[in-house]
Amino acid sequence: MLANLVCLGRRTVTGLITAAGGQFSDWTAHYSLYSKGRVDPNPIFQEVRRQVESLNPTSEPLCVALDDTIIRKTGKKIPGVGFRRDPLGPKFQVNLAFALRWLQMSAAMIAPDGQARMVPIAFKNASIPRKPSKFASSEQTQHYREAVKQHNLNRLALDSLEDLQNQRKEENQGQTPRLHVLVDGSFTNSSILPNLPTNTTLIGRIRKDAKLYAKPAEQTKFGRRKIYGTPQPTPEQVRQDDSIAWQKIQIHHKGTKRELEVKTMTGVRWRPAKNKDLLIVVIRPVPYLKKKGARSGYTQPGYLVCTEPDLSLKNLLEEYLMRWDIEVNHRDEKTILGTGQAQVRNKQSVNTLPAMSVASYSILLVAAVQRYGQGDCPDTIPTPKWRRKQQKGKTRPSLQDLVNELRFSLWSDSIKAIHLDDFVKTKEDDKKSIKRKFNLCSPLFATNA
């Protein structure tokens, strides 16, 4: 795990062995560590989650974000690999990528100024097995159908939330603490909303044309109880209705105060959520300038749904804006840490190696907060001249800053020259011209500065 953070090349198994200095010894034990199931990342993620909760205010609920991502692969024999929708493809064309699908859950580590950083606390393989051929036996087909049910993304998300709440319940002497789940539109559906764990609130995106209903005004004496009342306007119709006034809400986001304008609908019901009372929030598009002197552009309107109608709008907006940081987690894991670059085909290795890479990332983020606090950055390595303006007032180190700091703390004593001044010849002979030598510290410790 330490080699995964400081490795200078690709994060293959042999690359990690070389980074740890084991390239001249037997390598089979390193592969057996994962292929024979000797590593379990779940206890590591549990400890990371405990540390995150200890750093957060005790009166606030734990905010977690759920999202799925793909890790591209080229091998045809890797278990679970298949064609997935490419999220980086153009909007006008659905592209496919040969990849594995993963489900990640990240917990928010909140600073005193309201700035939050998402720390991964679960990383599970959500890929479904390959579909058998049309000539397969009935037993193989039935086994495939059961495996698809078990690896369904919504089912895996609910199981992860249940496990999280059960762990917290055991740690809090039988009482289930509050949990706020932040999701995008793919998780606000009929599989997730009605089946949330105890004391869990979901905040997610909703379609702008969602069909909403009021609560039934009265119940009949006979027959089935009514769940839905009269139809209500869709979120898009609410946004366009000039008779409904916009409310200005001031929030803290990224350490600064911002103002958003919203419209709300309280106590409405939606068929995917069944009999739950919901809060619908419509966020007005925010103007911005592309360049000085240009016409203002506008962001897209936002439509949010919350399963806790009494939740304050300020908390709802601040918490949902934290969700974007899980996208930063995906980028850091796949670009800087090389998660998924290991070329393995064993089923247990495929499931475990990327999870251990993400676990090392989580430990590094928590360790950085414990070492430097939530409002400071490491300053051992001087900042390049072209980044000094960007660094001014910066309170959150990037992953590359932390990796460079870790490399410096591990390798600086091994490569710097240590001399005894009393025995060093201070004057050089002028027999030969001076040979220029590059400083090894810069390419090692300040990579991608």
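The values are calculated or read from the model by the stated rules, or taken from the named source; none is laboratory data. Everything numeric in this text was worked out from a predicted model, so none of it was measured. Ideal geometry is used to build each Cβ from the backbone, glycine not excepted, and the neighbour counts take in all protein chains shown.
Go through the stretch 164-199 residue by residue and tally those that are in contact with a strand residue (DSSP E or B) (Cβ under 8 Å, 6 or more places away or on another chain) and either farther than 25 Å from Pro87 by Cβ or in contact (Cβ under 8 Å) with a residue 24 or more places away in the chain (or both).
19
So, in the stretch 17-56, of the ones that are touching a residue at least 24 places away in the same chain (Cβ under 8 Å) and among the aliphatic types (A, V, I, L, M), which residue ends up surrounded by the most Cβ atoms within 10 Å (Cβ to Cβ)?
In this case the residue turns out to be Val52.
I need the full set of residues from the stretch 255-272 which are touching a residue at least 12 places away in the same chain (Cβ under 8 Å) and either assigned to a strand (DSSP E or B) or within 19 Å of Gly302 (Cα to Cα) (or both), in order please.
The answer is Leu260, Glu261, Val262, Lys263, Thr264, Met265, Thr266, Gly267, Val268, Arg269, Trp270.
Evaluate the stretch 348-371: report whether one residue or more is in contact with a Ser or Thr (Cβ under 8 Å, 6 or more places away or on another chain) and assigned to a loop (DSSP other than H, G, I, E, B).
Scanning the stretch 348-371 turns up no residue that is in contact with a Ser or Thr (Cβ under 8 Å, 6 or more places away or on another chain) and assigned to a loop (DSSP other than H, G, I, E, B).
Mind checking whether some residue in the stretch 103-112 is β-branched (Val, Ile, Thr), crowded, with 22+ Cβ neighbours inside 10 Å and within 24 Å of Asn315 (Cα to Cα)?
No, the stretch 103-112 contains no residue that is β-branched (Val, Ile, Thr), crowded, with 22+ Cβ neighbours inside 10 Å and within 24 Å of Asn315 (Cα to Cα).
If you take the residues of the stretch 96-141 that are outside any strand (DSSP E or B) and under 23 Å from the mean Cα position of the chain (by Cα), which of them is farthest from Thr58 (Cα to Cα)?
Selected residue: Ile128.
Would you check if there is a residue in the stretch 288-300 being in a strand (DSSP E or B), modelled with pLDDT of 95 or more and not basic (Lys, Arg)?
no
For every residue, the table says whether it meets (1) loosely packed, with under 14 Cβ neighbours inside 10 Å; (2) in contact with an Asp or Glu (Cβ under 6 Å, 6 or more places away or on another chain); (3) among the aliphatic types (A, V, I, L, M); (4) not in a loop (DSSP other than H, G, I, E, B).
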residue: Gln165; (1), (2), (3), (4): no, no, no, yes
residue: Pro177; (1), (2), (3), (4): no, no, no, no
residue: Asn189; (1), (2), (3), (4): no, no, no, no
residue: Pro197; (1), (2), (3), (4): no, yes, no, no
residue: Leu202; (1), (2), (3), (4): no, no, yes, yes
residue: Lys208; (1), (2), (3), (4): no, yes, no, no
residue: Arg224; (1), (2), (3), (4): yes, no, no, no
residue: Val238; (1), (2), (3), (4): no, no, yes, yes
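Residue under question is Val64, and the condition is that it be farther than 30 Å from Val369 by Cα, touching a residue at least 40 places away in the same chain (Cβ under 8 Å) and surrounded by 21 or more Cβ atoms within 10 Å (Cβ to Cβ); does it hold?
no
Please find, within the stretch 226-236, the residue that is surrounded by the most Cβ atoms within 10 Å (Cβ to Cβ) out of those that are within 33 Å of the chain's Cα centre (by Cα) and within 17 Å of Gly267 (Cβ to Cβ).
Going through the qualifying residues, I end up with Pro235.
Identify the residue in the stretch 1-16 that is of a type in the set (A, V, I, L, M, F, W, C) and assigned to a helix (DSSP H, G or I) and, among all such residues, is surrounded by the most Cβ atoms within 10 Å (Cβ to Cβ).
Leu16
As an exercise: evaluate Leu279 against (1) part of a loop (DSSP other than H, G, I, E, B); (2) outside the structural domain of Ala116 (by TED's automatic domain parsing); (3) not charged (D, E, K, R) and give the number of the one condition it does not meet.
With (1) part of a loop (DSSP other than H, G, I, E, B); (2) outside the structural domain of Ala116 (by TED's automatic domain parsing); (3) not charged (D, E, K, R) applied to Leu279, the lone miss is (1).
In the stretch 372-382, is there at least one residue being part of a helix (DSSP H, G or I) and either surrounded by 14 or more Cβ atoms within 10 Å (Cβ to Cβ) or under 18 Å from the mean Cα position of the chain (by Cα) (or both)?
The answer is yes; a qualifying residue exists.
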